[in-house]
1. Net charge within 14 Å of Met144 by Cβ-Cβ distance, Lys/Arg positive one each and Asp/Glu negative one each, not counting Met144 itself?
2. Just add up the charged neighbours of Asn295: K/R +1, D/E -1, any other residue whose Cβ is under 15 Å from the Cβ of Asn295.
3. Assuming R0 = 25 Å, can you tell me the calculated FRET efficiency for the pair Asp43 and Arg372, based on Cβ-Cβ distance, to the nearest 0.05?
4. Rg over Rh of region 55-128, using C-alpha atoms and the Kirkwood radius, what does it come to?
5. Near Lys157, which aspartates and glutamates are there with a Cα under 16 Å away, not counting those fewer than 8 places off in the same chain?
6. Which percent of the Cα-Cα distances in region 255-389 go past 22 Å?
7. Could you work out the helix-only [θ] at 222 nm for the chain, with each DSSP H run of four or more residues adding -39,500 (n - 2.57) and the total divided by the number of residues, to the nearest 500 deg cm²/dmol?
8. Can you list residues from other chains, or at least 5 along the same chain, whose modelled amide H is less than 5 Å from the amide H of Gln285?
Amino acid sequence: MDKKIKKKRFSRKRIIMTAGAVFFIGLVAYGYRLSLDKVYRADVEKLTISKVTYGDFEDVVLLNASVVPLTSVIVSSPEGGTVAEIFTENGATIEKGTPLLRIANPNALSGYTASETGITEQINQLRKLRLDLEQNQRIISQDMMEVENSLRTATRKYRIDSVLFSKKVITLQEFNISSQDYEYYQGRRKILQQAVRQENQSRTMQLKQIDFSIGRMNESLETIRQNIENMTIKAPVSGKLSSYDPVIGKSYGTNEMLGKIDVMQGYKLQAGVDEYYVNRVKEGQRATCEFDNKNYTLRVAKVIPEITGGQFQVEMVFEGQSPQNLRRGLSLQVKLTLSDNSKSLLLPQGQFFQSTGGSWAFVVRDGKAEKRNIRIGRKNYLYYEVLEGLQKGEEVITSSYDQFNQYDIITITK
């Protein structure tokens, strides 16, 4: 009889295959772990390692500010054209109304002259119309005087004839003639009075319209003459002329800036601030600067939030007495205070922030540096404020991470 052979549960072949699979999986896992824990060797002399400390965080930012006049007035050309004459030079101290230069624009001048002639003719026509209305008024007045005189004569004759007719001195026919004359001149006076009232109303309205039109035309004439006069550019205020470099024959467009006049009433500071602080810099914040070994207090007077080249502009004015020897263009270092001091963990500033944005850093321990997630808050000209991820006394690589940004572990060699 055939004997049933019981199949072995773990054959040699199966054991070998299982062991191979386990080895392969382990190898893959090890390789994956190595890919996660990429190691970079760095020379300690090429790194900047900083220690985390605990202390007062000064919420300030250092600014390089320029001295500018407290008030500057832009000088522009109301009319476009070319420079025909130059009467003064850059840097001159001038009085209000001083001629600066003359702009030549033959086409504009011809247009202004033609407009002036046309408006003058219209004004003359309106004035003639006014004279005609006044002449008509005189004629109507004369007619009214004649009617009144004739009516008085007819009235007197009618009254006399009425008495004579009652006494039978005159005939009925003679009385009817004087009666008709009396009634005729009464009716004519009534019609003429109505005509005079209508004429006066119409004349009054026309005269108002004429006066209004002449007034507007005179304003237009004054504007034209002012435009012609504006071809000679004059100083709008007294002060010192700057940014002024005209050349004979140089063309300028309408309202193009020709220069500035710095009103000599004091100075302010203007500075560019990193866009990082755009939501934290406010009007009214205090700042300090040092000049001639003295400290001065300033106040943020204006914030211009438009960002250009990674910066926005602020203007600061001195509170109290300002320095005596300030000059336009001087540079001063200003410390702008954003908020009061507070106790915090402090990490010295470094180029690592450009690579990580403050979300992680390499923390040094026992000759190695490992990547660790952190959270950075405010920053000033010296320190970052550490909110999470670091402890007092720990050391962090704060130099640039450009060479090992993709690694997780750094072995530090000496």
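1. Details: positive: Arg138, Arg152, Arg188, Arg189, Lys190, Arg197; negative: Asp143, Glu146, Glu148, Glu199.
Summing Lys and Arg as +1 and Asp and Glu as -1 gives +2.
2. Numbers: positive: Arg286, Lys294, Arg299, Lys335; negative: Glu290, Asp292, Glu319.
Spelling it out: positives minus negatives among the neighbours equals +1.
3. 0.70
4. Result for region 55-128 is an Rg/Rh of 1.36.
5. Glu148, Glu174, Asp181, Glu183
6. 54 percent
7. Computed ellipticity for the chain at 222 nm equals -13000 deg cm²/dmol.
8. Val300
Every number here is computed from the coordinates shown, using simple stated rules; none is lab data. Because the structure is a prediction, the values reported are computed rather than measured. As a convention, Cβ positions derive from the backbone with ideal geometry for all residues, glycine included, and neighbour counts pool all protein chains shown.
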